[in-house]
Structures are given as structure tokens and as C-alpha cells.
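Only one structure is covered here, and it is reproduced in the block below.
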Ligand code: DGL
């Protein structure tokens, strides 16, 4: 018997955006227990430097490993773009991000080979989506647009307000003008704005959410490593945050459509066990 089977999955994001990935994991792997960490004290990651994102990501992984997770999902595009490769080279536990999955989903869908990608400044600047999409389908043209205000709008619980609508109108005009047939929601916060974004771009443009494809990728890994949880009961989820605020619970309940356990506070800056080049331990 493989003891890792009963261990939880670690899921991490800068805030509550990773809940959009957690939701898909719960559907596709309903028997898995999950430890969710949202770095609510330090959101947003989008405008921060690569060194800072590396440091935050390593701290999050170090914390999740104290919970004996058997695999980790970096449910944050910015952290995936800036730190996935480094994390995979340092840790033994399987670690996946969300960008390859998003690129695959977009390439499956596009017919006119014009794909829009929206994300944080960090994700867009890294060109990680362009690289992954063109690895899969060389002739796809990628139109990328950073939409930094979308994160604070969702964290504020304003996803379906006039502020969100006006912001979406301004950001998405150039993708509509470019006649993309699909837009990758390249930030895990953005599915929370799906209705507003969808109304702005219209039904003819498909909104691609990398979360589902990510959950399938996780499932494939668990199956191939013989690490799927065999229990029949529904998996549980424990929530941890680096700053307790009421919005996390209320938005999480509304989005996941269920009551959630109160999040517990983590002093995340203390989880500096792994030294990496590019930042100094405090
Ligand atoms: N949800 C995150 C992402 O997917 C980051 C948002 C942020 O912290 O800026 O990129």
C-alpha cells in the first residue's frame, strides 16, 4: 500500500484566485483532501519582481510540505510563470502550474488561430503563454494584454459591478479589434469575472479557463504515480491564509457554493527553509 495515497494535495495562490482551480480539482478528484494556501497578506503578485515571486512561492511550498502534501498545484499564473521551473528543480514532490494546461486548452479550441491571453503584468511580461502556445501550435498568433486592475476588483468582491464592466470594456477592446476567437483567462482570479468579461466580449469569443485542464493534469500524475486517494468519502479542504480577512470566506462561500471552514493564519515569511539564488533569507 502506498501511504502517500492518503496525503492531501497542496494548492496555492496569491489570494482567492486559486479557488477557481480548487473547484475543478474537487469535481475531477472528489476524494482527495486539499490544503489551500492563499497569500492574502501579499496579494497581488502580478506587479512584483521575479525574485520576490520566487521567494513567496518557495515559502508557500515549504509551508505546504509541512502538511505532508503528496503533490502541489501552483494555482497562480504569475507564480507559475516566474517560479515553476525553479520549484520543480528543487523539490521532489510533483509540482504543476496552470500555464501549460491553459495553453493546451486554447490550442484545442481556436479555429482562426488568433488567441487572446489576459493576465497580470508578471504573466504577460514573462511571455510564458506565448511560448507554451507556440510549442503546441506554431501558427497561432497570440494577443496578450495585462489587466492588473482585475485582481483588486475581484479581491474586493466587485466582480459584477459597473466598475468591473468599465474596466473590462477598456482592457478588452484591443483583443476584440484583433478578432481573436478565444481568450485565455490567464490569471486564476479572472474566472470570478467570467460573467462580466463574457458580456463584454460576446458569445462568439470563447473564454478559456485553464483550471479544468490543470485538474486533469493533476489526475494523470496521481494515476501514473499510483497516488490517487482510494477512500469513498468526499475529500476535505483546509484553508490557510497569510492575513485573515472576512472577504476571503465570504467570496469563497459564494464561489464554491458551500460553507467553508474558517481559514487559519500562517506566518508565511517564516517558511524560508530552502535557499535559492536571487534572494537572501531574512
Ligand atoms: N491569481 C494570480 C494569477 O493567476 C495572481 C494575481 C495577483 O496576485 O496579482 O496570476
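Since every read-out is calculated from the coordinates, none of them should be taken as a lab result. A quick note: this is a predicted structure, and the numbers were derived from the prediction, not measured. Don't worry about glycine lacking a Cβ; one is built from the backbone with ideal geometry, like all the others, and counts go over all protein chains shown.
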By how many nm would the segment from residue 4 to residue 134 grow when fully extended, if each residue of separation counts as 0.36 nm and the alpha-carbon distance is taken off?
43.2 nm
What percentage of all Cα-Cα pairs in the chain are separated by more than 26 Å?
40
For the range 137-279, which semi-axes, largest first and in whole Å, follow from the square roots of 5 times the eigenvalues of its Cα gyration tensor?
31, 22, 19
Rounded, prolate or oblate: which fits the range 159-203, taking a ≥ b ≥ c as square roots of the Cα gyration tensor eigenvalues, rounded meaning a/c under 1.5, else prolate when a/b beats b/c?
oblate
More than 22 angstrom separation, counting every C-alpha pair in the range 78-216; what % is that?
34
Does the range 76-155 come out rounded, prolate or oblate, given a ≥ b ≥ c as the square roots of the eigenvalues of its C-alpha gyration tensor, rounded meaning a/c under 1.5 and, failing that, prolate meaning a/b above b/c?
oblate
What is the order of 69, 115, 140, fewest Cβ neighbours within 10 Å to most?
140, 69, 115
Summing -39500 (n - 2.57) over every DSSP H run of at least 4 in the chain, dividing by its residue total and rounding to the nearest 500, the 222 nm mean residue ellipticity is -13500 deg cm²/dmol
Rounded to the nearest 0.05, what FRET efficiency is calculated for residue 28 and residue 62 with R0 set to 41 Å and r the Cβ-Cβ distance?
0.95
Acute angle (nearest 10 degrees) that the helix 246-256 long axis makes with the longest principal axis of the chain, alpha-carbon atoms
70
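Which of the peptides 101-108, 242-249 is most tightly packed, and how do the rest follow, going by the mean number of other Cβ atoms within 10 Å of each residue?
Final packing ranking: 101-108, 242-249.
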4 °C / 1.567 mPa s Stokes-Einstein diffusion coefficient of the range 73-120, Kirkwood radius on C-alpha pairs, µm²/s:
108
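Compute the FRET efficiency between residue 270 and residue 176 as 1/(1 + (r/R0)^6), taking r as their Cβ-Cβ distance and R0 = 35 Å, and round to the nearest 0.05.
The computed FRET efficiency comes out at 0.15.
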By the gyration tensor of its Cα atoms, with a ≥ b ≥ c the square roots of the eigenvalues, what is the shape of the range 33-110: rounded for a/c under 1.5, prolate for a/b over b/c, or oblate?
oblate
Once you keep just the Cα pairs under 8 angstrom separated by 6 or more residues, what percentage relative contact order results for the range 87-134?
45
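Rank the residues 109, 45, 56 as a footprinting-exposure proxy: fewest other Cβ atoms within 10 Å of their Cβ go first. If you can, show how the numbers build up before the last one.
Details: 109 14, 45 28, 56 25.
If I rank by nearby Cβ atoms, fewest first, I get 109, 56, 45.
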Defining a contact as two alpha carbons under 8 Å apart and six or more residues distant in sequence, what relative contact order in percent does the range 159-277 show?
20
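For the residues 90, 223, 43, what sequence is obtained by ranking on other C-beta atoms within 10 Å, fewest first? Write down the numbers at each step before the final one.
Values: 90 14, 223 11, 43 21.
Exposure proxy ranking, most exposed first: 223, 90, 43.
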